[in-house]
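Each remark here refers to the structure printed beneath this line.
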Amino acid sequence: MRKLALLSFCFLGLHAGAQNLQMRLQNAFNHLQQDSQSRYASISLTVLDAKTGEQVFAANPYVGLATASTLKTITSITAFNILGKDYQYVTNLDYTGKIENGILNGDLVIKGSGDPTLGSWRYPETRENVVLSLWVDAIRKAGIEHINGRVIGDDSAFGTASIPDGWIWQDVGNYYGAGTSGLCWRENQFDIKLKTGGIGSPVGVLRTVPEMPYIDIKSELRNAEAGTGDRSYAFLPINSNVMYLRGTYAQDQSKKSISVAVPDPAYDAAFRLADTLKRLGIDVVGGPVSVRALPQQPTGGNLLVSYNSPKLSRIIYWLNQRSINLYAEQLLKTMAMASGKVVTTANGVEVEQEFWKAKGIDPHSLNIVDGSGLSPGDRVTTLTMATILQTAKAAPWFADFYESLPIYNNTKMKSGSINNVLTYAGFQTSKDGHEYCFSIMVNNYNGSTSGIKQKMFQVLDVLK
């Protein structure tokens, strides 16, 4: 009887502890909901036991809201499940025609398979000079000293639609709005160094890094007063080589540089290889070209060298640590490719929805149009997001996923922010050792982002 009484006491204590947590979360949530910044906002919070999946707290868990970049957690987890943590992209350098007496009578073809890291500065083995050296060494070993042909950047693996439906025009010219490609290069972006001056005066362009001689950049930027930040936007050329910079750039910005999207990454990869060969004394008569500019895709060919990307676990690390939209969108299309579907963003979404439907999640609660959350049209419930997070807890690759999450407010979680939207999703271990996973979303708040952020942190602090 004494043991039974002790067990009953412990059970009541645990039950009381759970009720106390629910009450404190409810009070904190009510406080957030009643705040003046939330007057016109839609707010949702779901907290689950990370080990069991049991619902700890839920407020508006079935309301679909814009996720911003917390959608990347779902994309990451789905990619781990479908592709596997050791998945690697393969990029081939081929040649067509014949090599005779040191002369290639044919083309060099860089054939991509969707690797978002090719030429990236984030990994030692993916850096531009490393990849170019690999290609040049292979060309030399083949005995090629002169090329009566072109360097072709072949991005056909991912089709011609590079921008997901639902992205806004103002985003797509900037580095974070770089479009997808079957052949990415340097994360499909470059830097523009700026020359600032007096308030209201034009902002000049000093140079680009790397040099972009085939793009004509016209700056309509204006210098703005200190404290107004970087409000510059790049607008990409449409069937043109002209790029416009518009908006304002604050005088006190220390970087004096902005990053923008490359209009045709496959062409840029071909351009860099052709330029490197020229500097090394290997002429390319036909110059660089993107496959999209050709009447038909190159066929056949002989392999010079293959390049393998970092493994998926390492790609996802940077995807979430730096919230790289390009990585998320490339993975979504890759899942369509791995499932045997035509490679489009829409088919990637369909694959993702079908995967989670088989796990018991209603696709209507995962109503998305991209993989990164950049689209303001994405609608996901916090219950679905928290549930997907919880499924990762027992997976063999969970440690890799967990490591990929940044730390905010001493909590391992992914953040998301677009216009008047702020979201967080991740994991928290309490002082008494309980592990929770959560998703919190605030849509259409007013006032400062820093203000609503601190108020959301106060809610999440209850889990500590």
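Numerical summary
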| item | result |
| --- | --- |
| Top positive-direction residue, dipole computed over the chain with Cβ charges, set 304, 210, 64 | 64 |
| D_trans [Stokes-Einstein, Kirkwood Rh over alpha-carbon pairs] for region 282-358, 37 °C, 0.692 mPa s, µm² s⁻¹ | 209 µm²/s |
| Dipole of region 90-308 [Lys/Arg +1, Asp/Glu -1 at C-beta], most positive-end residue of 139, 248, 238 | 248 |
| Lys, Arg +1 and Asp, Glu -1 on Cβ, resulting dipole of region 90-308 about Cα centre, debye, nearest 20 | 440 debye |
| Dipole magnitude of the chain about its Cα centre (Cβ charges: Lys, Arg +1; Asp, Glu -1), debye to nearest 20 | 1080 debye |
| Options 358, 153, 108, ranked by Cα towards positive dipole end of the chain, top entry (Cβ charges) | 358 |
| Principal axis dimensions, largest first and in whole angstrom, of region 90-308 by Cα | 62, 37, 31 |
| Alpha carbon centroid spacing (whole Å) that separates region 409-447 from region 358-402 | 14 Å |
| Long-range HN-HN contacts of residue 304 with modeled amide H, under 5 Å | 93, 94, 95 |
| In Hz, Karplus ³J(HN,Hα) per residue of region 32-38 (6.51, -1.76, 1.60; θ = phi - 60°; x = Gly, Pro) | 5, 5, 8, 5, 4, 6, 9 |
| Coarse-grained scattering of region 339-464 at q = 0.10, 0.12, 0.16 Å⁻¹, given as base-10 log I(q)/I(0) from a Debye sum over alpha-carbon atoms | -0.36, -0.52, -0.90 |
| Of all DSSP beta bridges in region 90-308, antiparallel share, percent nearest 5 | 60 percent |
| Under the Karplus curve 6.51 cos²θ - 1.76 cosθ + 1.60, θ = phi - 60°, whole-Hz ³J(HN,Hα) for region 201-214, x wherever Gly or Pro sits | 7, x, 9, x, 9, 7, 5, 10, 10, x, 4, 10, x, 8 |
| For the chain, calculated [θ]222 nm from helices alone, where every DSSP H run of n ≥ 4 adds -39500 (n - 2.57) | -10000 deg cm²/dmol |
| Cα-based convex hull, region 210-298, per residue volume (Å³, whole number) | 109 Å³ |
| Mean-position separation - Cα centroids, region 193-241 and region 89-115, in angstrom | 36 Å |
| Normalised alpha carbon radius of gyration of the chain [divisor 2.2 N^0.38 Å] | 1.11 |
| For region 254-265, 3J(HN,Hα) per residue [Karplus equation, 6.51 cos²θ - 1.76 cosθ + 1.60, θ = phi - 60°, Hz, x = Gly/Pro] | 7, 6, 6, 7, 10, 10, 10, 7, 7, x, 9, x |
| Radius, Kirkwood style, for region 181-336 when every pair of distinct Cα atoms is counted (Å) | 18.2 Å |
| Region 90-308: Lys pairs at Cα distance under 15 angstrom, eight or more positions apart or on different chains | 7 |
| nm² value of the averaged projected area, convex hull over the Cα atoms of region 90-185 | 7.2 nm² |
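Quick note: the coordinates plus some simple rules give every number you see, no bench work behind them. Predicted model only: the values in this text are computed from it and were never measured. No Cβ is skipped: glycine too gets one built from the backbone with ideal geometry, and neighbour counts run over all protein chains shown.
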